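Everything below concerns the one structure shown next.
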Amino acid sequence: MIAVINYGAGNLPNVVRALQRVGAKLTITDDPHVIRSAHAVVLPGVGATADTMASLRQLGIADVLPEVIAAGTPFLGICVGMQVLLSASEEFGPHPCLDIVRGTVRRLPDSAGKIPQIGWNQLRIMPNFSDHPLFVGIPNGADVYFVHSYYCDVTEETIVAARTEYGIAFPSVIIRNRLAAVQFHPEKSGDYGLRLLANFVTWSNASPARG
């Protein structure tokens, strides 16, 4: 059973529908105990990192996520669900995040043009991740849908699985062990977005037992 975390994210219904469309067995929950025992975890997100962190802390989920990720539970963060994994964010003033992935959430540069980036853009898959299970059936250069003003400036270059150009070549997918996160919205990204979600379901089912 995949636990889809409900902390009030606006894209939760669309993420749930997309996962159900690819055959995922899931539960929608804000219960830390359910999240801790889940086979896999999905963290949706839209909006600001500070608001998301406040909600996760209030629900007791902020303490659980580092634990389940360290235990090897397959995890997928989406948009702000990716950003809160980092050490800190500069959005609306510096503040700490989950510190699961080293780095800082920073504003897209003015040279990008219109901010936020809203619309389709390409994934440039890194060569060492080209055969990763999450990218099965997703070609290099695939168009996916973004809505964001901030990006993840990660310290660990080796976890960057794909980049996207928008004023800067920012990480659009990160993967480390059983943790994966995407800056774009797979639930809005057509066939390739659904394929990535289906790949996550398959990948999570193939994960070795925790312990």
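Within region 86-111, work out how many residues are touching a Cys at 6+ places or on another chain (Cβ under 7 Å) and under 13 Å from residue 183 (Cβ atoms). Talk me through it step by step, then tell me what you get.
Filtering region 86-111 for residues touching a Cys at 6+ places or on another chain (Cβ under 7 Å) gives 86-89, 103, 105.
Those left that are additionally under 13 Å from residue 183 (Cβ atoms): 86, 103, 105.
Looking only at that region, the number is 3.
Here is the figure for region 174-188: residues that are farther than 21 Å from residue 66 by Cβ and in contact with a strand residue (DSSP E or B) (Cβ under 6 Å, 6 or more places away or on another chain) total 3.
From the list 18, 3, 24, the one residue that fits, being within 24 Å of residue 203 (Cα to Cα) and in contact with a Pro (Cβ under 7 Å, 6 or more places away or on another chain), is 18.
Tell me, which residue of region 11-27 that is assigned to a loop (DSSP other than H, G, I, E, B) and touching a Phe, Trp or Tyr at 6+ places or on another chain (Cβ under 9 Å) is surrounded by the fewest Cβ atoms within 10 Å (Cβ to Cβ)? So the residue we want is 22. What about residue 165, is it acidic (Asp, Glu), buried (at least 19 other Cβ atoms within 10 Å of the Cβ) and either modelled with pLDDT of 95 or more or more than 14 Å from the chain's Cα centre (by Cα) (or both)? Considered against the rule, which asks whether it is acidic (Asp, Glu), buried (at least 19 other Cβ atoms within 10 Å of the Cβ) and either modelled with pLDDT of 95 or more or more than 14 Å from the chain's Cα centre (by Cα) (or both), residue 165 comes out as no.
What about residue 176, is it within 17 Å of residue 76 (Cα to Cα), of a type in the set (Lys, Arg) and crowded, with 19+ Cβ neighbours inside 10 Å?
No.
Of the listed requirements (1) exposed (fewer than 13 other Cβ atoms within 10 Å of the Cβ); (2) within 22 Å of residue 65 (Cβ to Cβ); (3) not polar (S, T, N, Q), residue 157 misses just one: (2). Mind checking whether some residue in region 52-66 is under 17 Å from residue 159 (Cα atoms) and either in contact with a strand residue (DSSP E or B) (Cβ under 7 Å, 6 or more places away or on another chain) or of a type in the set (Lys, Arg) (or both)? Scanning region 52-66, I find no residue that is under 17 Å from residue 159 (Cα atoms) and either in contact with a strand residue (DSSP E or B) (Cβ under 7 Å, 6 or more places away or on another chain) or of a type in the set (Lys, Arg) (or both), so the answer is no.
Of the residues making up region 49-96, not one is free of Cβ contacts under 8 Å to residues at least 12 places away in the same chain and in contact with a His (Cβ under 8 Å, 6 or more places away or on another chain).
Summed over region 97-110, the residues that are assigned to a loop (DSSP other than H, G, I, E, B) and either polar (S, T, N, Q) or surrounded by fewer than 18 Cβ atoms within 10 Å (Cβ to Cβ) (or both) give a count of 2.
Looking at residue 72, is it surrounded by fewer than 17 Cβ atoms within 10 Å (Cβ to Cβ) and modelled with pLDDT of 95 or more? Yes: the conditions hold for residue 72. In summary, strands (runs of 3 or more DSSP E) completely within region 144-195 and bearing 2 or more residues that are free of Cβ contacts under 8 Å to residues at least 60 places away in the same chain and small (Gly, Ala, Ser) occur at 160-165, 169-176.
In region 112-130 there is no residue that is under 16 Å from the mean Cα position of the chain (by Cα) and of a type in the set (Phe, Trp, Tyr).
For region 111-136, taking the residues that are part of a helix (DSSP H, G or I) and modelled with pLDDT under 95, the one that is surrounded by the most Cβ atoms within 10 Å (Cβ to Cβ) is identified as 112.
The values are calculated or read from the model by the stated rules, or taken from the named source; none is laboratory data. Since the structure is predicted, the reported quantities are computational estimates derived from the model, not experimental observations. Methodologically, a virtual Cβ is constructed for each residue, glycine included, from the backbone with ideal geometry; neighbour enumeration extends over all protein chains shown.
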